[in-house]
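Everything on this sheet refers to the single structure shown next.
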Amino acid sequence: MNPGRDVASTQYKASVLIEALAYIKAYSNKTVVIKLGGAAMTTPSLAEAFAEDMALMRLVGIRPVVVHGGGRQISEMMTKLGMQPRFVGGLRVSDEQTVEVARMVLLGHINRRIVGLINRHGDLAMGLSGEDGNLFVTRRRLGPGGEDLGLVGEVEEVRPGVVLKLLDDGLIPVIAPLGVSPDGEVHNINADTAAGAIAIALGAEKLVYLTDVRGLYEDLGDEESLLSEVSLEELERMLQKGKLSEGMLPKISSCLTALKGGVPRAHILDGRVEHAVLLEVFTPEGIGTMARAPGSPTEKEFRSRGRL
């Protein structure tokens, strides 16, 4: 046994906790919306690490809200059932049968699994759909070129009462991206879009997208062009110039809407990194790409809110 090494190791662990203290205080009682998708949701070890992140955040006084995707699983189920998935501008074309498959996969499998993983750490999570309490009131959405997407929803209104009640009761809402029109028609909503809409409605401090890439790139395909921070103007320019992959389009559109709607920060993180959310929330370096709304505090200014 080497006492010197043990002390040094213990002191390092203590320094990490003290560094996180400023962020814990700054985020205390603040809402953070996380869109969960990709490997972070489908790889068992990453899904378990994500559940630990959510439990820790809630237990230190932060109010996380999870909106999950499920596109890959829905496509797999559709293929098994002899249905052909089709996308326009990153959005799934949805008829009634597609929506029924989406409901089955999202609510019957994915939502329950995420809730179960978080609840291994206590009575912390509750699953729901955007249909519950008319959380997401939607209308039919057209594709980027005016294409008919079928039962794909555009969020017209968010009625966050059910989510606020869960948060006030100390629970983590885990939301499946479905919505309902005023006449009762159920719509499939892109999870990125749903996450942005609920972040605005809740006055979230931060919106996080977990993806299967390291972040946003200035030059698609060039690993060296990873952007650590972007402005609203830069995001709009990238959208207009078509410099984004099809899968990134809904994320950036949602990100822009959220920042313009009052959310101070949005982050695109690599969900393949274990505890990616904790690294972003509790460390000064962070990871991935951050988009900051004009007038919102810098990292140093925000962290200073939680100093002793």
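Miscellaneous remarks
- Scanning region 206-259 for residues that are modelled with pLDDT of 75 or more, of a type in the set (Gly, Ala, Ser) and open to solvent by 20 Å² or more (accessible area, probe 1.4 Å) yields Ser228, Ser231, Ser253.
- Screening region 117-191 for strands (runs of 3 or more DSSP E) wholly inside it with 3 or more residues that are of a type in the set (Val, Ile, Thr) returns the ranges 148-158, 172-176.
- Every condition in (1) at pLDDT 90 or above; (2) open to solvent by 10 Å² or more (accessible area, probe 1.4 Å); (3) not β-branched (Val, Ile, Thr) is met by Ala176 except one, and the failing one is (2).
- Residue satisfying condition, being without any contact (Cβ under 8 Å) to a residue 40 or more places away in the chain and aromatic (Phe, Trp, Tyr), within set Tyr27, Tyr23, Tyr12: Tyr12
- Taking residues in region 152-169 that are closer than 30 Å to Pro85 by Cβ and among the aliphatic types (A, V, I, L, M), and partners anywhere that are part of a strand (DSSP E or B) and open to solvent by 70 Å² or more (accessible area, probe 1.4 Å), the pairs with Cβ atoms closer than 9 Å and at least 6 places apart or on different chains are Val152/Arg140; Val152/Leu142; Val155/Arg139.
- Pairs with Cβ under 6 Å, 6+ apart, first in region 204-228 and at positive phi, second at pLDDT 70 or above and open to solvent by less than 60 Å² (accessible area, probe 1.4 Å): Gly215/Leu226; Gly215/Ile268; Gly215/Gly288; Gly215/Thr289
- Qualifying residue in region 192-199 (condition: open to solvent by 10 Å² or more (accessible area, probe 1.4 Å) and under 20 Å from Val281 (Cβ atoms)): no
- Per the listing Val162, Val137, Val115, the residue uniquely modelled with pLDDT of 95 or more and closer than 17 Å to Thr31 by Cα is Val162.
- Considering region 75-92, the residues that are part of a loop (DSSP other than H, G, I, E, B) and in contact with a helix residue (DSSP H, G or I) (Cβ under 8 Å, 6 or more places away or on another chain) include one that is most open to solvent (accessible area, probe 1.4 Å), namely Gln84.
- Residue tally, condition within 14 Å of Lys206 (Cα to Cα), modelled with pLDDT under 75 and surrounded by fewer than 19 Cβ atoms within 10 Å (Cβ to Cβ), over region 268-306: 5
- Residue within region 166-173 that is in contact with a Phe, Trp or Tyr (Cβ under 9 Å, 6 or more places away or on another chain) and under 24 Å from Thr31 (Cα atoms) present: no
- Of everything in region 38-71 that is exposed (fewer than 15 other Cβ atoms within 10 Å of the Cβ) and free of Cβ contacts under 8 Å to residues at least 40 places away in the same chain, the residue that is farthest from Leu107 (Cα to Cα) is Gly61.
- Residues in region 126-140 that are acidic (Asp, Glu) and either within 11 Å of Pro173 (Cβ to Cβ) or surrounded by fewer than 18 Cβ atoms within 10 Å (Cβ to Cβ) (or both): Asp132 alone.
The values are calculated or read from the model by the stated rules, or taken from the named source; none is laboratory data. As the structure is a computational prediction, the values presented were derived from the model and not from experiment. Neighbour counts are summed over all protein chains in view; Cβ atoms, including those assigned to glycine, are modelled from backbone coordinates with ideal geometry. Just the protein is used for accessible areas: all its heavy atoms, side chains included, with ligands, DNA and RNA removed. Shrake-Rupley method; radii C 1.70, N 1.55, O 1.52, S 1.80 Å.
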